[in-house]
Amino acid sequence: RGPIVIVETRDRVTRIELARISKNNALTVEMYAAIGQALSGAEADPQVRAMLIHGRPDCFPSGTDLKDCLERPPHGERSTTFDFLHLIADRKKPFVAAVGGAAVGIGTTMLLHCDLVYAAPNARFQLPFVPLGLVPEAGSSLLLPAIAGYQRAAELLLLGQPFGADKALAAGFVTEIVPEAELIERARGAALALAALPPASVRLTKQLMKAPYTRAVGEQIEEEG
């Protein structure tokens, strides 16, 4: 049994690969903790200038592992899961994602915090919270209407049905649709391009763009929780 989260730092980019392929990268508490640790480490390392997260070209997180969640529910605001949500919201350095296959629940909501998102034509997104009797997570009830417009967000969040890469591109949280065979390299190339830019201007420009929502996103994550 190999590692389920692979972390590698090279060429000033920290790459986080989700490798629980047998379970379609459904995230467990251990995976949330490992990804969070990698993000925190990359943020603190002055040699790292960008972060990239991906699975295989046909396998992104298919949501939270429900069996694991039922056995170890995230009680309290300081649980591993809630810590992870705040970590992805608080990234100061550029954060790139490559998405192929199923991206359900957290597999979609985490993308709202990324700066660049590349999706393969096979990507299938879903925000299934309302049909499951829940409310959205990760500040998505604030961010998705801001990014996509209210009616587009209402369709995706209230009906909770699967949708493809074209609709995600139209909603504004996918940067580009890339052939499956080129997906990971295209996203890595973008992360390398960001890492080659002056780091202070990248960080400050990102900060300026996100400033109107920074406090509100943290508060919305708590309210959703």
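The values are calculated or read from the model by the stated rules, or taken from the named source; none is laboratory data. Being a predicted model, the structure only gives us computed values, none of them experimental. Because the Cβ atoms are built from the backbone with ideal geometry, glycine has one as well, and the counts that use them run over all protein chains shown. Quick note on the areas: whole protein, heavy atoms, side chains included, nothing else; ligands and nucleic acids left out. Shrake-Rupley method; radii C 1.70, N 1.55, O 1.52, S 1.80 Å.
For the chain, please report how many Lys pairs fall under 23 Å Cα to Cα, leaving out neighbours fewer than 8 apart on the same chain. Please list the in-between numbers first.
Details: Lys23/Lys67; Lys92/Lys206; Lys92/Lys210; Lys93/Lys206; Lys93/Lys210.
Lysine pairs satisfying the spacing and distance rule in the chain number 5.
From the Cα gyration tensor of segment 129-170, with a ≥ b ≥ c the square roots of its eigenvalues, which class applies: rounded if a/c is under 1.5, or else prolate if a/b is larger than b/c, or else oblate? Can you show the working numbers first?
Values: a/c = 1.91, a/b = 1.23, b/c = 1.55.
Oblate, because a/c is 1.5 or more while a/b does not exceed b/c.
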Let a ≥ b ≥ c be the square roots of the eigenvalues of the Cα gyration tensor of the chain; is it rounded (a/c under 1.5), or, if not, prolate (a/b larger than b/c) or oblate? rounded
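May I ask for the net charge around Val7, where only other residues with Cβ less than 9 Å from the Cβ of Val7 are counted and Lys, Arg are +1 while Asp, Glu are -1?
That sum, taken over residues with Cβ under 9 Å, equals -1.
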Can you list residues whose amide H is under 5 Å from Glu176's amide H, if they're 5+ apart or on another chain and H is modeled 1.01 Å from N? Val117, Ala119
Testing the spin-label approximation: label points 7 Å from Cα along Cα→Cβ at Leu159 and Asp90. State their distance in nm. 3.7
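Add +1 for every Lys or Arg and -1 for every Asp or Glu among the other residues with Cβ under 13 Å from the Cβ of Ala171, and state the total.
On the way: positive: Arg152, Lys167; negative: Glu155, Asp166.
My count for the surroundings of Ala171 gives 0.
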In order through segment 180-187: 3J(HN,Hα) via Karplus (6.51 cos²θ - 1.76 cosθ + 1.60), integer Hz, x for Gly, Pro: 3, 5, 9, 4, 5, 5, 5, 5
Quantify, in whole percent, the carbon and sulfur part of the accessible surface of the chain (1.4 Å probe; protein heavy atoms only). 57
Search the structure for amide H atoms under 5 Å from the amide H of Ile53, placed 1.01 Å from N in the peptide plane, and list their residues when 5 or more places away or on another chain. Ile16, Val96, Ala97, Ala98
Within segment 175-212, what residues put their amide N at less than 18 Å from the label point 7 Å along the Cα-to-Cβ vector of Ile21? 180-185
